[in-house]
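Engineer: Would you mind keeping the following structure in view while I ask a few things?
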Amino acid sequence: MIYTVGEIAKKLNVATSTIRYYDKEGLLPFVERSEGGIRMFREEDMEWFLIIDCLKNTGMPIKQIKYFIDCCVEGDARIDERLELISTQRDRVLLEIESLKERLKMLNFKTWFYEEAQRRGTASFHQTVTPAEVPEEYHPFFEQKWKHDKKAAQKGEAPGQYDMP
């Protein structure tokens, strides 16, 4: 069976412009055209769209997806290059996960902080909070303040005033 751009877009649940963009970027080396220049797709072309979608969902840029598809078209001679692309993307995703974990730590701290501020009726509580009042996992957010306060106390000075955004 032959499908048009509109039919394949509907089948894939994407916009027709997405299919045209993939073709323009060279991601569809298999696409046939009618004598009138209309793109024609076959059932077996669906596998290519699934590969594109899979790689796109990993965050792989379009240019790398094109390179991957080019390697696939050339066959087994370029398996090493395909593996390298996939491994590199995997490493990028792992770095992204670590970055997201750090953001989540900050958001968890901020959630605790503002829940505590709400409970105490002030966001200035951090000026006098002690390590015993702060969950262990949030100590790193206060350690610099506590270090300065300890030095000030040793000198007989008042603790410093710190803002906690």
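Engineer: Order of Cys71, Cys54 from fewest to most other C-beta atoms within 10 Å?
Structural biologist: With the fewest neighbours first, Cys71, Cys54 line up as Cys54, Cys71.
Engineer: Another question, if that's okay. Return the calculated 222 nm mean residue ellipticity for the chain, to the nearest 500 deg cm²/dmol, obtained by summing -39500 (n - 2.57) across DSSP H runs with n ≥ 4 and dividing by the residue count.
Structural biologist: It lands at -19500 deg cm²/dmol.
Engineer: Still on this structure, please answer the following. With the contact rule set at Cα under 8 Å and sequence spacing of 6 or more, what percent relative contact order holds for the range 87-165?
Structural biologist: Taking the mean separation of contacting Cα pairs over the length of the range 87-165, I get 21 percent.
Engineer: Can you work out the base-10 log of I(q)/I(0) for the range 78-165 at q = 0.15, 0.20, 0.21, 0.25 1/Å, using the Debye formula on its C-alpha atoms alone?
Structural biologist: So the normalised log intensities are -0.68, -0.97, -1.03, -1.22.
Engineer: Which of the peptides 55-68, 130-143 is most tightly packed, and how do the rest follow, judged by the mean count of other Cβ atoms within 10 Å per residue?
Structural biologist: So the order, starting with the most tightly packed, is 55-68, 130-143.
Engineer: Between Rg and the Kirkwood Rh of the chain, both from Cα atoms, what is the Rg to Rh ratio?
Structural biologist: In the chain, Rg relative to Rh is 1.33.
Engineer: Further question on the same structure: Would you mind checking which residues have amide H under 5 Å from Tyr3's amide H? H placed 1.01 Å from N; only 5 or more apart, or other chain.
Structural biologist: Those qualifying (amide H under 5 Å, at least 5 residues apart or on another chain) are Phe41, Arg42.
Engineer: To continue, here is another question. Residue-wise, which Karplus ³J(HN,Hα) couplings in Hz belong to the range 63-77, taking 6.51 cos²θ - 1.76 cosθ + 1.60, θ = phi - 60°, and x for glycine or proline?
Structural biologist: Calculated HN-Hα couplings, in order: 4, 6, 4, 4, 4, 4, 5, 4, 5, 5, 4, 6, x, 5, 4 Hz.
Engineer: Between Asp91 and Glu143, 0.36 nm times their residue separation minus their Cα-Cα distance comes to what?
Structural biologist: Full-extension gain reported as 15.5 nm.
Engineer: Now, a different point. Please give, to one decimal in nm, the separation of the simple spin-label points placed at Leu107 and Asn57, each 7 Å out from Cα toward the Cβ.
Structural biologist: 2.1 nm
Engineer: Sticking with this one: Semi-axes of the equivalent ellipsoid of the range 28-106: what are they in whole Å, largest first, if each equals the square root of 5 times a C-alpha gyration tensor eigenvalue?
Structural biologist: 32, 16, 9
Engineer: Grab the range 18-130 and count how many Lys pairs have their alpha-carbon atoms under 25 Å apart, sequence gap of 8 or more, or different chains.
Structural biologist: So the count of such lysine pairs works out to 6.
Engineer: Once both labels are modelled 7 Å past Cα along the beta-carbon direction, what's the Lys10-Ile79 spacing in nm?
Structural biologist: 4.1 nm
We did not get these values from a lab; they are worked out from the coordinates using the rules stated. Predicted model, so just to flag it, every value in this text is computed and none were measured. Every residue, glycine among them, receives a Cβ derived from its backbone with ideal geometry; neighbour counts consider all protein chains shown.
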